[in-house]
Amino acid sequence: MNATIRRWRGIIRDGAAQQMSDDDLTKPLGMDRDAKKAARRTLPLARISALMCGALLAGIVSFVAMTDDPLGGEPMVVASIDKMPKRESGPLSQAPVTAENLSPNVREIPAQARGQRQGASELENDAGVKVVRTNGQIPGSVIIRVPDAQPTIRLAPAPDRRLIEKSRHGNLPKRGPDDLRASDVYARPVTQLQKVAAVRVAIVIGGLGISANITQDAIQRLPGPVSLAFAPYGTDLERQVIRAREDGHEILLQAPMEPFDYPDNDPGPQTLLSTLSADQNLDRLQWLMSRFPGYIGVVNYMGGRFTATDVALAPVMKEIASRGLVYLDDGSSGRSMATQSAAGAGASAARADVVIDAIQRGADIDIALARLERIAREKGSAIGYAAALPVTLDKVARWAKAAEARGVTLVPLSAVVTSPKRS
């Protein structure tokens, strides 16, 4: 076995030696020199390429380290900056604000700042805008316009401690210091364009707070100027009212009142009745008022008989006026004496011009909205009232989207209810 292995090893060595000698003899002359020259030429080029790559990489690392991450950093917004015309020497002057030159993207200088010169940094702080300048220099006065910016309407927080009175039923609204009124504090702010609009329409949607789904749909689908009235019987009223006000909706409290066919048609617990004494009705009214905070006034729910009975109605209107609230008659009863009674009590009051969904069909709601718009063009303003029915919400939302193009401005109820003169 060992001899065989040694013999195979010898054969392999002899074959390798023979192969080497054959190659040497048959190889063309000069092939050694050419291969060596190619190797000498290739080696320096590889080294040069490696050195260049290393230098490039070192340069990139140095650039990033020295420029403090030029491709990262805080998010940036590009805004167009227009320089104001050069100001003449003398006191600071300002062009009057009119409906033609007012823009929602331009903030008015606060009254206390007028007549004072402000630096660029102070103006930026007042406007809530941060301007980053590449050269570090502060320019002269500038106007910054942010494209497509929409003004944000925020209602005052509720409840306001200045407007709270504690009672056995809970917190009630009251007039605050200097005759401060809930109808003013909790109202939706009105823009300058809404104030000067030639055709203004206010719409109030009632019956909210009972169905969570319908209430959420109304809050989300209807534009902010639409005022919302909540019934006093919901289980989660305060949270729903907070959400509606956060979305910019002005709020009213619906007060159940006696209809002509009571008790067959019963509005609900704590209904105001013409057969009760004034003290009993006021106690019921205070229970209703304690259900949630943040409303600007009261609107009737039913109440054909109660609103036609001045003896029963007058003490209620006096109570509403004393607490700094407005009253809205929903327009459902032709015999209502509510606006006359409110005037006698010194309360701010109004009556709906159109009951939008008196007939609860889509085509008839469209006709009612057209009539509401026509009245607004004739009188300058009009009020519509409707219940929170799915078909009503759909029709009102569609009408509101197209109203501006027809020259109609949608406003909150408080914008068209005239406050009585303060004594």
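With the highest mean first, a sort of the peptides 176-184, 325-333 on other beta-carbon atoms found within 10 angstrom per residue produces 325-333, 176-184. Across TRP287, TRP399, the residue with the most accessible area heads the list, and the full order at a 1.4 Å probe is TRP287, TRP399. For the Cα trace of the range 283-372, dividing Rg by the Kirkwood Rh returns an Rg/Rh value of 1.02. Once the mean of 1/r is taken over each pair of separate Cα atoms and inverted, the range 310-360 shows a Kirkwood hydrodynamic radius of 11.4 Å. Packing, taken as the mean count of other beta carbons within 10 Å per residue, orders the peptides 352-362, 381-391 from highest to lowest as 381-391, 352-362. Ligands, DNA and RNA left out, the 1.4 Å accessible surface of the range 139-284 is 48% carbon and sulfur atoms.
What do you get when you divide the Cα radius of gyration of the range 191-326 by 2.2 N^0.38 Å, with N the number of residues?
1.11
The label point for ALA358 and the one for THR418, both projected 7 Å from the Cα toward the Cβ, are 2.5 nm apart. For LEU282, neighbours were defined as the other residues whose beta-carbon sits under 13 Å from its Cβ, and their charges (Lys and Arg +1, Asp and Glu -1) total +1. What is the local net charge at LYS401, summed over the other residues whose Cβ is closer than 12 Å to its Cβ (Lys, Arg +1; Asp, Glu -1)? My count for the surroundings of LYS401 gives +2. In the full protein context, the range 185-249 carries 40 Å² of accessible surface per residue, based on a 1.4 Å probe and ignoring ligands, DNA and RNA.
The values are calculated or read from the model by the stated rules, or taken from the named source; none is laboratory data. Keep in mind that this is a model prediction, so the values were computed, not measured. All Cβ positions, glycine included, derive from the backbone under ideal geometry; neighbour counts span all protein chains shown. These accessible areas exclude ligands, DNA and RNA; they are computed on the full protein's heavy atoms, side chains included. Shrake-Rupley method; radii C 1.70, N 1.55, O 1.52, S 1.80 Å.
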